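Remarks on the structure that follows.
The values are calculated or read from the model by the stated rules, or taken from the named source; none is laboratory data. Because the structure is predicted, anything quoted here is derived from the model rather than measured. Quick reminder, even Gly has a Cβ in these numbers, built from the backbone with ideal geometry, and neighbours come from all protein chains shown. The area values use the complete protein model at the heavy-atom level, side chains included, leaving out ligands, DNA and RNA. Shrake-Rupley method; radii C 1.70, N 1.55, O 1.52, S 1.80 Å.
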Amino acid sequence: AGTGAFVKQQGRSIHARTCGGPDGRSPLGMSRPRTSGPIQSSIEAALTDAFAPWHLAVLNESHTHSVPEGSESHFKVVIVSDAFDGTRTLGRHRAVHQALKPQLDAGLHALSVQAHTRQDWIDRGGVVPDSPPCHGGSKGS
């Protein structure tokens with residue numbers, strides 16, 4: 001099981017689940033407990049089982065969309081796994097979608113995927129781009 005950690009997202013910290021690293025921490029952050037809803041937890045479990053990730057961040061971005069408070073409908077997944085070695089980006093995304101087929105079939109509305117090899121992750125400094133604003137009625141507008 002992973003531990004909570006903070007990782008950089010274009011200069012700011014985001015909460016993440018870390019499943020690897022020699023000390024059980026993200027290469028970029030400190031461990032800290034966290035909570036998640038049932039859909040987020042099922043996404044984390046499915047991806048952990050399928051890919052044994054070195055790093056996994058499952059971010060519920062539903063609050064940035066026009067959905068009821070507490071919704072679990074929009075997620076961003078950042079996953080770093082040796083299972084992606086030798087696989088192109090499209091194949092990685094297909095594999096993640098296949099691993100999350102039950103969640104998608106159950107009505108998961110939006111999924112953003114960033115799937116990296118460990119070397120890709122190191123080369124990019126562990127930084128992930130911000131998600132674009134919602135164009136369908138963002139609460140940020």
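Summary table
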read-out	value
Number of positions in region 117-134 that are open to solvent by 20 Å² or more (accessible area, probe 1.4 Å) and not in a loop (DSSP other than H, G, I, E, B)	5
Number of the condition not met by Ala99 [criteria: (1) crowded, with 17+ Cβ neighbours inside 10 Å; (2) touching a strand residue (DSSP E or B) at 6+ places or on another chain (Cβ under 8 Å)]	(2)
Some residue of region 56-63 being closer than 17 Å to Ser131 by Cβ, surrounded by fewer than 20 Cβ atoms within 10 Å (Cβ to Cβ) and out of contact with any strand residue (DSSP E or B) (no Cβ under 8 Å at 6 or more places or on another chain)	yes
Failed condition for Arg88, given (1) farther than 15 Å from Pro53 by Cα; (2) open to solvent by less than 90 Å² (accessible area, probe 1.4 Å)	(2)
Within region 74-85, considering residues that are over 9 Å from Thr117 (Cα atoms) and of a type in the set (A, V, I, L, M, F, W, C), the one surrounded by the most Cβ atoms within 10 Å (Cβ to Cβ)	Val78
Scan of region 53-98 for residues that are closer than 14 Å to Gln40 by Cα and over 13 Å from the mean Cα position of the chain (by Cα), ordered by number	Ser62, His63, Gly70, Ser71, Glu72, Ser73
